[in-house]
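Structure record follows, encoded as structure tokens.
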Amino acid sequence: MSSATALAVPAAISRRIERLAKEAGRTPAQMLKFVIRDGLEHTEYAVREANAGLAELDAGNAISLTNARGRAESRRRRRGATG
């Protein structure tokens with residue numbers, strides 16, 4: 001089932017959608033459906049992950065900043081990254 005919704009889109013975003021649609025060989029309306037779907041999926045993922053992290057903190061499962069920095073540095077070394 002599909003429903004129509006009016007949406008005010010700033011001119012700059014409209015131009016980006018039009019350009020993307022042209023590159024993809026689609027109409028701007030078709031492209032907007034993909035943009036909204038993919039943006040919604042990413043946003044849902046980000047909210048789920050943030051809430052999971054907050055639940056971990058609420059449960060007392062936190063590490064110190066020093067510990068977090070140590071873990072990050074250890075991972076960088078294992079990957080051979082510098083900087």
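Listed values, structure above:
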quantity	calculated
Residues located in the stretch 6-17, provided they are outside any loop (DSSP other than H, G, I, E, B) and either loosely packed, with under 10 Cβ neighbours inside 10 Å or in contact (Cβ under 8 Å) with a residue 12 or more places away in the chain (or both)	Ala11, Ala12, Ser14, Ile17
Residue check for Gly70: among the small types (Gly, Ala, Ser), more than 22 Å from the chain's Cα centre (by Cα) and in a helix (DSSP H, G or I)	yes
Number of the condition not met by Ser3 [criteria: (1) surrounded by 10 or more Cβ atoms within 10 Å (Cβ to Cβ); (2) not in a helix (DSSP H, G or I)]	(1)
Of all residues in the stretch 38-74 being more than 30 Å from Ile17 (Cβ to Cβ) and β-branched (Val, Ile, Thr), the one that is surrounded by the most Cβ atoms within 10 Å (Cβ to Cβ)	Ile63
Enumeration of residues in the stretch 54-67 that are of a type in the set (A, V, I, L, M, F, W, C) and part of a helix (DSSP H, G or I)	Leu54, Ala55, Leu57, Leu65
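Quick grid of which residues meet (1) at pLDDT 95 or above; (2) closer than 30 Å to Ala8 by Cα; (3) assigned to a helix (DSSP H, G or I):
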position	(1), (2), (3)
Lys22	yes, yes, yes
Ile36	no, yes, yes
Glu44	yes, yes, yes
Arg78	no, no, yes
Gly83	no, no, no
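The values are calculated or read from the model by the stated rules, or taken from the named source; none is laboratory data. These figures come from a predicted structure and were not determined experimentally. Note that we place each Cβ from the backbone using ideal geometry, even for glycine, and neighbour counts take in every protein chain shown.
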